[in-house]
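Every number in this text was worked out from the coordinates using simple rules, so none of it is lab data. Bear in mind that the values here come from a model prediction, so they are computed numbers and not experimental data. A quick note on method: Cβ atoms are made from the backbone with ideal geometry, for glycine too, and the neighbour counts reach across all protein chains shown.
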Amino acid sequence: MVVNVFKNFFRRVFSGIFRKKRELKLGFYGPPNAGKTSLANRICKDFTGEEIGAVSKIPHETRSVQFKERVEIDYKGKKMMFKIIDTPGIATKIDYEDFLKYKMKKKEAKLRAKEATQGVVESIKWLDDMDVVVIVLDATENPYNQVNLTIIGNLVARKIPVLIVANKIDLKKASIKKIESAFPEYEVVGISARYGKNLEEFYESIFKLARKS
């Protein structure tokens with residue numbers, strides 16, 4: 001009887017340890033409108049049938065951290081469990097006047113700017129909980145800017161495994177090479193979250209990083 005009690009105890013302990021290892025926190029970071037939520041949506045839709053959040057052409061549509069528990073990604077017969085965490089876009093400056101050109105009323109624009117600013121702070125705080133981080137960058141934009149350097153700097157300080165995604169490769173102005181040149185120490189995968197292009201390489205890279213975490 002006593003032996004069985006100990007067996008059950010250790011079974012619960014060890015199963016809990018291994019389960020936690022498989023349920024890795026996968027965070028999506030990057031500047032506004034780079035495609036973080038679009039990518040997170042595609043992953044969640046593919047493996048759970050549900051999206052994680054809304055997308056919009058207006059910057060800072062995501063203004064608070066949103067997540068989906070227990071997303072099991074199945075790639076080439078291998079499975080890993082993730083908690084997908086989509087974060088608000090990182091920006092060094094958020095001005096309510098930037099939203100007025102999207103035909104927002106002043107009051108609504110000011111509220112959005114306030115919420116977006118709070119979202120940036122929340123995003124940085126959540127970094128301490130991440131096991132793996134995907135930095136989503138717009139491949140049509142210049143990667144050499146203060147926002148991207150701020151994100152990279154915070155990740156380097158925490159020694160978190162990183163994958164850089166060059167999104168929007170379906171567009172003519174997209175350049176994966178520019179992003180590779182800007183961050184040569186990191187793996188860069190070019191994808192189109194909108195059309196689901198090159199996600200096989202993305203999943204392969206995520207699985208490699210997850211094993212290191």
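Can you give me the angle between helix 36-48 and the longest principal axis of the chain, using Cα atoms only, in degrees from 0 to 90, rounded to the nearest 10? Here the helix axis deviates by roughly 40 degrees.
Count the net charge of all other residues whose Cβ sits under 12 Å from the Cβ of residue 113, scoring Lys and Arg as +1 and Asp and Glu as -1. Summing Lys/Arg as +1 and Asp/Glu as -1 gives +2.
Only DSSP H runs of four or more residues enter the estimate; each adds -39500 (n - 2.57), and after division by the residues of the chain the mean residue ellipticity at 222 nm equals -14000 deg cm²/dmol. Expressed to the nearest 5 percent, the antiparallel share of DSSP beta bridges inside segment 116-213 is 10 percent.
Show me the ranking of peptides 72-78, 192-198, 48-54 by mean Cβ neighbours inside 10 Å, starting with the highest.
Descending mean neighbour count gives 192-198, 48-54, 72-78.
Helix 199-212 axis versus longest C-alpha principal axis of the chain: approximately 50°, rounded to the nearest ten.
Among the GluC sites (Glu not before Pro) found in segment 127-204, those both in a DSSP coil and sparsely packed, with 11 or fewer other Cβ atoms within 10 Å of their Cβ, are 185. For the residues 31, 184, 59, a GNM of the chain with alpha-carbon springs under 10 Å puts the largest fluctuation on 184. Note on residue 125 and residue 107: their simple-model spin labels are 2.8 nm apart, each label 7 Å out from Cα toward Cβ. Note on the chain: with a GNM built from Cα contacts shorter than 10 Å, the maximum mean-square fluctuation among 68, 103, 177 falls on 103.
Taking the DSSP bridge list for segment 23-212 and keeping only pairs wholly inside it, about 30 percent are antiparallel. A cut-off under 11 angstrom between Cβ atoms defines the neighbours of residue 196, and their net charge, with Lys, Arg +1 and Asp, Glu -1, is +1.
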